[in-house]
Amino acid sequence: MTQKTYRTEARIAVGSFAQRQRGATLIVALVMLLLISLLAIGGMQGSVMQERMASNAHDSAISFQASEAGLRQAETDLIGTLVTRQTAFVTARLTAPWDWDGANPAASGTGNAGGDVSAQPVYHHARLADVCPIEPGQPCFERFEVTSRGQGGSPDAVSVLQSTVLLPPQ
């Protein structure tokens, strides 16, 4: 009878060991679930950051295109209209074009960049100086500075562009 008692005790010991193993498996499974959740949260944060960067790049491209449209409109007005050239002749240059808000000093005109922008581009004309050729008897050219300020889809995306226009005297 001792052998039967021994075998029964062994089964009881194996049974309690299995009970303890089931609890450890639960803890390991919960830790694994926690790690997977942390990886998923990190991946979502990375995706959100990439979405913001893509949105900002898109907004920046729209503001650059709006400023470019305003710059081309300003150059066209300066080349094609004598009154615009005369007004620009007495207009002061912008001291800090990168800080120009489009209102102070007042803009010379407004361009058209379509409906994707938060505000239409504005531009400023100013006369720089005469450029005279080395050869005597040749007419001097008038040199003008054109500054354009464009906004993207949000007012925070701003691009300021400048160009120089060289025109024959009229």
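The values are calculated or read from the model by the stated rules, or taken from the named source; none is laboratory data. What you see is a predicted model; the values in this text were computed from it and never measured. Positions of Cβ are backbone-derived with ideal geometry, glycine not excepted, and every protein chain shown enters the neighbour counts.
Here are the numbers for the structure shown:
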{"read-out": "Condition broken by Glu142, with the remaining ones in (1) touching a Pro at 6+ places or on another chain (Cβ under 7 Å); (2) over 15 Å from Ala88 (Cβ atoms); (3) of a type in the set (Asp, Glu) satisfied", "value": "(2)"}
{"read-out": "Residues located in segment 148-158, provided they are hydroxyl-bearing (Ser, Thr, Tyr) and more than 10 Å from the chain's Cα centre (by Cα)", "value": "Ser148"}
{"read-out": "Any pair with Cβ under 8 angstrom, 6 or more apart, that starts in segment 109-126 at a residue that is closer than 17 Å to Gly80 by Cβ and ends at one that is basic (Lys, Arg) and part of a strand (DSSP E or B)", "value": "Tyr123/Arg149"}
{"read-out": "Complete set of residues in segment 143-154 that are modelled with pLDDT of 90 or more and not basic (Lys, Arg)", "value": "Phe144, Glu145, Val146, Thr147, Ser148, Gly150, Gln151, Gly152"}
{"read-out": "Lone qualifier among Gly109, Gly137 - being farther than 21 Å from His58 by Cβ, at pLDDT below 90 and either within 28 Å of the chain's Cα centre (by Cα) or among the charged types (D, E, K, R) (or both)", "value": "Gly109"}
{"read-out": "Among the candidates Asp99, Asp116, residue that is more than 14 Å from Glu68 (Cβ to Cβ) and under 24 Å from the mean Cα position of the chain (by Cα)", "value": "Asp99"}
{"read-out": "Residue within segment 74-81 that is more than 16 Å from Gln162 (Cα to Cα), under 26 Å from the mean Cα position of the chain (by Cα) and of a type in the set (Gly, Ala, Ser) present", "value": "no"}
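So that you can scan it fast, the table gives a plain yes or no per residue for (1) modelled with pLDDT of 90 or more; (2) under 32 Å from the mean Cα position of the chain (by Cα); (3) surrounded by fewer than 10 Cβ atoms within 10 Å (Cβ to Cβ):
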site: Phe17; (1), (2), (3): no, no, yes
site: Gly23; (1), (2), (3): no, no, yes
site: Met32; (1), (2), (3): yes, no, no
site: Asn56; (1), (2), (3): yes, yes, no
site: Ser60; (1), (2), (3): yes, yes, no
